[in-house]
1. How far is it, in nm, from the label point at Leu99 to the one at Leu13 when both lie 7 Å from their Cα along the line to the Cβ?
2. Viscosity 1.002 mPa s, temperature 20 °C: Stokes-Einstein D of the chain from its Kirkwood Cα radius, in µm² per second?
3. Can you give the angle from 0 to 90° between the axis of helix 87-113 and the longest principal axis of the chain, with both taken from C-alpha atoms, to the nearest 10?
4. Which one of Gln19, Gln54, Phe32 has its Cα pushed farthest toward the positive end of the charge dipole of the chain, where Lys and Arg give +1 and Asp and Glu give -1 at the Cβ?
5. Can you work out the FRET efficiency for the pair Ile109 and Val89, with r the C-beta to C-beta distance and R0 = 41 Å, to the nearest 0.05?
6. Under unit Cβ charges (Lys, Arg +1; Asp, Glu -1), what dipole magnitude, rounded to 20 debye, does the chain have relative to its Cα centre?
7. Label-point separation (nm) for Leu37 and Leu76, each offset 7 Å from Cα along Cα-to-Cβ?
8. With each run of n ≥ 4 DSSP H residues scored as -39500 (n - 2.57), what mean residue ellipticity at 222 nm is computed for the chain after dividing by its residue count and rounding to the nearest 500 deg cm²/dmol?
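The values are calculated or read from the model by the stated rules, or taken from the named source; none is laboratory data. Bear in mind the structure is a predicted one, so any value in this text is a computation, not a measurement. Here the Cβ positions follow ideal geometry from the backbone for every residue, glycine too, while neighbour counts run over all protein chains shown. The area values use the complete protein model at the heavy-atom level, side chains included, leaving out ligands, DNA and RNA. Shrake-Rupley method; radii C 1.70, N 1.55, O 1.52, S 1.80 Å.
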Amino acid sequence: MVTNITSFSRSGLSDWLMQRVSAVVMAFYAVFLVAYLLFNPGLDYYAWSGLFAQTWMRIFSLLAFISLSAHAWVGLWTVTTDYIKPTNVRVGVQMFVILAIFAFLVWSIQILWGA
């Protein structure tokens, strides 16, 4: 039996739901970005910068980054619990993954909302 000491949720249903909701958010974000690129063929730095200067786009991007982090965590937690059987090694890998995901999330927020 695998222990759940590094799982954010208490059940497989919440993990499943988190994966699906985060995937939908990321899909909407990707479709929006592709559509924006298609409808703005002469896109330059100033137009792109102007898009990301708007508060609604920053919030949408933040939601996408948080969704990406949650999606990555649930997926990697599942893979590590399935394939890494020694508890010490598995917990070590999961802690490394948590730190990496957190660092990337903080970095993306810093880029998005920074000066």
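1. About 3.6 nm separates the two model spin labels.
2. Values: Rh = 16.1 Å.
My calculation gives 133 µm²/s for D.
3. In the chain, helix 87-113 runs at an angle near 20 degrees to the longest axis.
4. Highest projection toward the positive end goes to Gln19.
5. On the way: r = 31 Å, r/R0 = 0.75.
Computed FRET efficiency for Ile109 and Val89 comes out at 0.85.
6. It comes to approximately 260 debye.
7. If labels sit at Leu37 and Leu76, their model points lie 2.4 nm apart.
8. Working: 4 runs with 93 residues, N = 115.
The per-residue figure over the chain is -28500 deg cm²/dmol.
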